[in-house]
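Please treat every number below as a calculation from the coordinates, not as lab data. In this text the structure is predicted, and so the values were computed from the model without any measurement. Here Cβ is always computed from backbone atoms with ideal geometry, including for glycine, and neighbour counts include all displayed protein chains.
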Amino acid sequence: MLLPALLLAGALSASSASPTSVVTRYSDLGGKPYDVTYNNRSMIVGGKPVLLLSGSVHYPRSTPAMWPSIFAKMKAAGMNAIESYVFWNYHQTSLAMHNASQYDYSGRGNVSYFLDLAAQHDLFVIWRLGPYICAEWPNGGMPEWLRQIDGMKSRTPTQPYQNVSGQWMHDHIEYVRPHFAANGGPIIMLQIENELSGPSNTPYVEWLGVLVKELDAGLPWIMCHGAHANDTIETYNGCDGRGFVAGQTAQNLPAMWSEDEQVRSRERESVCVCVCVCVCV
């Protein structure tokens with residue numbers, strides 16, 4: 001289960017940083033276009049470092065009427081960001097829709113309204129596109145109709161999969177681009193794939209890196225807990241990430257904890273260790 005994600009991007013001491021030297025919330029950017037970069041201490045938005053405290057809200061698992069209350073509670077709990085996967089098989093339910101380049105963004109899939117509300121509630125957004133997302137969701141977000149396409153082998157560098165999933169990614173990026181930081185929106189980070197096991201030098205991972213460049217989002221991309229492609233930042237799931245943090249900072253990359261998956265009582269001490277390491281190293 002994906003629990004509320006804590007994205008801790010390096011350390012900023014409250015005693016040494018003045019209120020104007022850091023960004024603490026989306027509204028600090030004033031609704032104007034801003035850039036997003038990073039170093040080995042933090043994500044940097046509008047030229048200033050930010051510590052992201054993020055919770056997970058999967059839009060199709062609740063109704064639009066519930067979203068304002070959910071966001072308000074997250075804000076009251078001290079979070080300044082939300083993250084959500086993007087559910088391909090919710091938006092494109094049939095091969096006919098694919099062939100017609102049609103998507104359903106109505107109802108619980110109304111991502112434009114979801115993202116607008118996040119901004120209204122002063123929350124940054126981490127948008128985890130997939131195409132495979134896991135998320136304890138049917139087929140990991142992959143449409144069932146993929147089975148109807150000759151030669152289809154999901155999550156491989158085969159042409160049928162590249163063509164179909166690549167089209168989805170390109171189309172969705174353009175749909176949500178108005179909500180990107182460069183347009184003054186709340187989306188500051190994107191994720192491609194999810195928890196991809198194996199080495200990072202495979203043809204499939206190399207293709208993911210090519211796809212990231214083609215999408216030309218102008219935002220940092222992450223790959224969560226596993227293989228990672230060129231031009232993406234590896235992030236950590238689990239607890240006690242001391243070795244991970246050291247490796248990231250040595251590469252001048254931020255150490256980000258993308259999923260807190262350890263909830264058993266005997267692991268509470270490890271959770272505290274991981275939080276302290278990610279914040280204070």
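Odds and ends about this structure:
- Residue within region 231-245 that is in contact with a Pro (Cβ under 7 Å, 6 or more places away or on another chain) and surrounded by fewer than 16 Cβ atoms within 10 Å (Cβ to Cβ) present: no
- Wholly within region 37-147, strands (runs of 3 or more DSSP E) carrying at least 1 residues that are of a type in the set (Val, Ile, Thr) and in contact with a strand residue (DSSP E or B) (Cβ under 7 Å, 6 or more places away or on another chain): 43-45, 48-50, 81-85, 124-130
- The set of residues in region 186-218 being under 17 Å from Met169 (Cα atoms), surrounded by fewer than 17 Cβ atoms within 10 Å (Cβ to Cβ) and not small (Gly, Ala, Ser) consists of Glu206, Val210, Lys213, Glu214, Asp216.
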